[in-house]
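Taking it in order: structure first as structure tokens, then the write-up.
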Amino acid sequence: MKIGLFIPCYVNQLYPNAAIATLELLQKLGADVSYPSKQTCCGQPMANSGYEHLTQSCNDLFIENFSGFDYVVAPSASCVLHIKDHLHSHADEKAAAAIRGKIYELVEFLTDVLKIEKLDACFPHKVGLHQSCHGLRGLHLAQMSELVAPDFSKPKQLLNMVKGLEITELDRVDECCGFGGLFCIAEEAVSVKMGKDRITDHTKHGAEYITSPDLSCLMHMEGILQRNNSKVKIIHIAEILNCSSIKA
Amino acid sequence: MKGTQDHAALAEAFNKDEDRVDWHDGALWWIRQKRDRSANQTPQWEELREAASAIKSNVISNLHDYLLQFEANLKRNGVKVYWAADAEEHNQIIHKILSEKNINQMVKSKSMLTEECHLNEYLAERGIDVINSDLGEYIQQIDNEPPSHIVLPCIHKKKEEIGELFHEHLGTEKGLSDPTLLTRVARKHLRNVFMTRRAALTGVNFAVAETGEYVVCTNEGNADMGAHLCEVQIASMGLEKIIPERKHLGVFLRLLARSAIGQPITIYSSHFRKPRPGQEMHLVLVDKGRSALLARPDFRDSLKCIKCGGCMNTCPVYRKSGGLSYHNTISGPIGAILAPNLDMKKHADLPFASTLCGSCSNVCPVKIPIHDQLYKWRQVIVKEGYSASRKTFSMKAMALTLSSPEIYKTAGKTGRWILNHAPFAINNKFNPWYKQREMPDSPKQSFGEWYAKNGSKS
């Protein structure tokens, strides 16, 4: 089983440790992972801004990089959802469709494909889980609070395997953080207010860390936390699941 | 009016008063929670949503036939029927009905459509006085402001502000803000309005093609009061309000009030069918962009909307920006997908006033994929040329960078170098990110660079 590691552009540039943790974690679990070095981005920043028609060369590059793998795995729910929903090709739609069907966000890859039941991980901290909207309502990583349906949560399923970790509560279990891609710039005031309110929900329940399968939400909240000199930190879920000693 | 500002600017102004934002957000979240409790107590909630969506799909696909069936049954029941292509035609029809009877005062209840058509202003210019009898709409009317929410028109106003308005317009004691006392004053005032108006206009929640009856849902009973006391009863409805059969009300009435405010059903679900002796009934079927929407396959599902307002209550952007920031009669997520169909240039900003979180689509009782439509409207708006040219320029630059691994690597390196060595180039007031957020820490090397050195070893 050959796995192509897709590391989204901003994770590659700004959060390499989350990417390293993803790679190490998959290798620890016995997966044959490699990173195609010519990858760039899924094209979502353009598409969500209304410029999906400019993403064809991005799409073609993505297909070229990842066609040869059995699975594509990425530590970012939002980018994975974008590929699943919008990766198309004029030249080779069959190849595009194949990738749409074999791309997985890291958490769902661990629970649904590798079906792991235990982890050798330790993270003795109080952790608040931020459900990224694209992971939640797009990839169905957990049950959505609006629906009348049985509860489940793939991220929690994994976090519960981590020694010492305590998941803190939230008043609003799956409210959006307000990042929203270019929304965070175009609608700065509302975006920041949404982020502040998410953070308050986590901190008032005692979270020391806020984690998520999406770094974009975390990057936005980190910016607000740091501006306010908060002690609360953000951490990608891969870094927690890969944490074998008390180094955090 | 704040006519020229876009959603972002109006929302920023709303956010100047953070306590008010918290209060507004909390009030609407409380309603969302009531909706959740109510949905969870309803057996087969998700199946009901599915059924409602399917019934409306059938309506949209066969609208022509259902409308003719409805019209024939209305006529059989003795109701006069009119067809209006747009707001102007609608307003002319209403004006003609009233002036033929020498009526110069009318009472109106809960009709978003006539708000969209600016009927009150049209009739006022022609010497006809209209009073909105729904309490929230009445408050908005005396404040000369459009509704900020389709179900809760003055949800953005605090009770003290309403007290102040009543003091100014109805002569209540200064400082009176007790909701019960204020409601009593309004009730007394409106009671007199009901007793003296010869004409009453209502909106329509559901129009039953099979029987030619229409159903109006209110909590205040104001539609009934108006209709029962008047000699000329008028209803205005958008073409999409049709349902095929009366039994389908069993689906929609169970969903409407629960989705709107978490109430099992509205206090009044009034069926109007035939004029009583001596009374006239008129019904105006209004297109106003509906058939154009029907012609847009990507967007026609928005015609399923039953105007519950659930998407507004759940939308974090709506809750934290206020309905008036949408500068459109119908605000919130549903407004943002309906408005571009009517005037794309004027409403080009609205589909971007969303994080695409998807909560709206999940609460929608007729399962309109609202956030998917927001995404699709963005594509249409850009293609039709309604986005800023500097945005197009930066998007093209981004597309070029991201389609070339070499340029991307250089750009990433440069970006990180700037963050490390010249942060002042980014951390300044021209960068909206930096206004209330720190920039991310910039690592020495990207993952790609790390992998090139260590990848084979790991």
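Just so you know, all these numbers are worked out from the coordinates, no wet-lab data involved. If you're wondering where the values come from, they're calculated on a predicted model, not measured in any experiment. Because the Cβ atoms are built from the backbone with ideal geometry, glycine has one as well, and the counts that use them run over all protein chains shown.
Which value results when the Cα radius of gyration for the range B:390-454 is divided by 2.2 N^0.38 Å? Could the numbers behind the result be given before it?
Details: Rg = 13.7 Å, N = 65, 2.2 N^0.38 = 10.7 Å.
So the range B:390-454 has a normalised radius of gyration of 1.27.
Determine the gain in length on full extension of the stretch B:Glu46-B:Ala9; use 0.36 nm per residue of separation and subtract their C-alpha separation, reporting nm with one decimal. Spell out each step's value before the answer.
On the way: separation 37, 0.36 × 37 = 13.32 nm, distance 3.75 nm.
Stretched out fully, the B:Glu46 to B:Ala9 stretch lengthens by 9.6 nm.
For A:Asn160 and A:Gln56 in one chain, what is 0.36 nm times their gap in residues minus the Cα-Cα distance, to one decimal in nm? Display every interim value, and only then the final one.
On the way: separation 104, 0.36 × 104 = 37.44 nm, distance 4.04 nm.
Here the answer is 33.4 nm.
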Stretchable slack from B:Asn454 to B:Glu145, in nm (0.36 nm times residue separation minus alpha-carbon distance): 104.9 nm
Shielding by partners, peptide B:403-409 (average Cβ within 10 angstrom, other chains): 6
Mean Kyte hydropathy of -0.5 or more with a Cα span along the axis of at least 30 Å, helices from DSSP in chain A: none
Amide N proximity, the range A:117-153 versus A:Leu29 label position 7 Å along Cα-to-Cβ, cut-off under 12 Å: A:117-120
Charge dipole (debye, nearest 20) of chain A; +1 at Cβ of Lys and Arg, -1 at Cβ of Asp and Glu: 540 debye
Span per principal axis, largest first, for the Cα atoms of the range B:43-288 (Å): 55, 49, 31
Shielding score for A:194-206, defined as the mean number of other chain Cβ atoms within 10 Å: 2
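Pop out the Kirkwood hydrodynamic radius of the range A:2-113 from its pairwise C-alpha distances, inverse of mean 1/r, in Å to one decimal. Before the final figure, lay out each step's value.
Values: mean 1/r = 0.0715 Å⁻¹.
Result for the range A:2-113, one decimal place: 14.0 Å.
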Cβ-defined net charge surrounding A:Leu182, 11 Å radius [Lys, Arg +1; Asp, Glu -1]: 0
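Is it possible to state the helix-based mean residue ellipticity at 222 nm for chain B, with each DSSP H run of 4+ residues giving -39500 (n - 2.57), the sum divided by total residues, to the nearest 500 deg cm²/dmol? What is it?
On the way: 22 runs with 235 residues, N = 458.
Computed ellipticity for chain B at 222 nm equals -15500 deg cm²/dmol.
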Relative contact order, percent, the range A:124-248 [alpha-carbon distance under 8 Å, six or more residues apart]: 29 percent
Which listed pairs, of A:Lys94/B:Lys413; B:Lys346/B:Lys409; A:Lys38/A:Lys115; A:Lys154/B:Lys345; B:Lys101/B:Lys288; B:Lys413/B:Lys435, have C-alpha distances above 32 Å, in listed order: A:Lys94/B:Lys413; B:Lys346/B:Lys409; A:Lys154/B:Lys345
Cα gyration tensor shape for the range A:126-241, rounded if a/c is under 1.5, else prolate or oblate: oblate
Alpha carbon centroid spacing (whole Å) that separates the range A:56-129 from the range A:178-248: 22 Å
0 to 90° range, to nearest 10: angle between helix B:332-342 axis and chain B longest Cα axis: 80 degrees
Sites B:Tyr268 and B:Lys16, calculated FRET efficiency, Cβ-Cβ separation with R0 41 Å, nearest 0.05: 0.55
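Using Stokes-Einstein with the Kirkwood hydrodynamic radius over Cα pairs, what translational diffusion coefficient do you get for chain B at 37 °C and a viscosity of 0.692 mPa s, in µm²/s rounded to a whole number? Show your work: numbers first, answer last.
On the way: Rh = 24.4 Å.
Translational D for this selection: 134 µm²/s.
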DSSP beta bridge pairing in chain A, given as percent antiparallel to the nearest 5: 5 percent
Cα-derived Rg over Rh, computed across the protein assembly as shown with Rh taken as Kirkwood radius: 1.01
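Counting Lys and Arg as +1 and Asp and Glu as -1, each charge on the Cβ, what is the dipole of the protein assembly as shown about the Cα centre in debye, to the nearest 20?
Details: 84 positive and 80 negative charges, 54 e Å.
Here the protein assembly as shown has a charge dipole of around 260 debye.
So, R0 is 51 Å and r is the distance between the beta-carbons of B:Asp372 and B:Lys75; what FRET efficiency does that work out to, to 0.05? Write down the numbers at each step before the final one.
Details: r = 40 Å, r/R0 = 0.78.
It comes to 0.80.
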Dipole of the protein assembly as shown, positive end: most advanced residue of B:Ser99, B:Ile306, A:Ala207 [Cβ charges, Cα centre]: A:Ala207
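Which number do you get for Rg(Cα) / (2.2 N^0.38 Å) in chain A? Intermediate results must be reported in sequence, preceding the final value.
Values: Rg = 17.5 Å, N = 248, 2.2 N^0.38 = 17.9 Å.
Rg over 2.2 N^0.38 Å, computed on Cα atoms: 0.98.
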Simple spin-label estimate for B:His169 and B:Ala292 in nanometres, 7 Å along Cα-Cβ: 3.1 nm
C-alpha long axis of helix B:179-196 to longest principal axis of chain B, angle in °: 50 degrees
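Taking neighbour counts of Cβ atoms within 10 Å as a proxy for exposure, in what order, fewest first, do A:Glu93, A:Glu239 appear? Intermediate results must be reported in sequence, preceding the final value.
Numbers: A:Glu93 12, A:Glu239 24.
Result, fewest neighbours first: A:Glu93, A:Glu239.
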Crossing angle, helix B:159-170 versus chain B [Cα axis fit, 0-90 degrees, rounded to tens]: 40 degrees
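With N set to the residue count of the range B:301-443, report its C-alpha Rg divided by 2.2 N^0.38 Å to two decimal places. Write out the running numbers ahead of the final one.
On the way: Rg = 18.8 Å, N = 143, 2.2 N^0.38 = 14.5 Å.
In units of the globular-protein estimate, the range B:301-443 measures up at 1.30.
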Taking B:Leu229, B:Leu98 and counting other C-beta atoms within 10 Å, the order from fewest to most: B:Leu229, B:Leu98
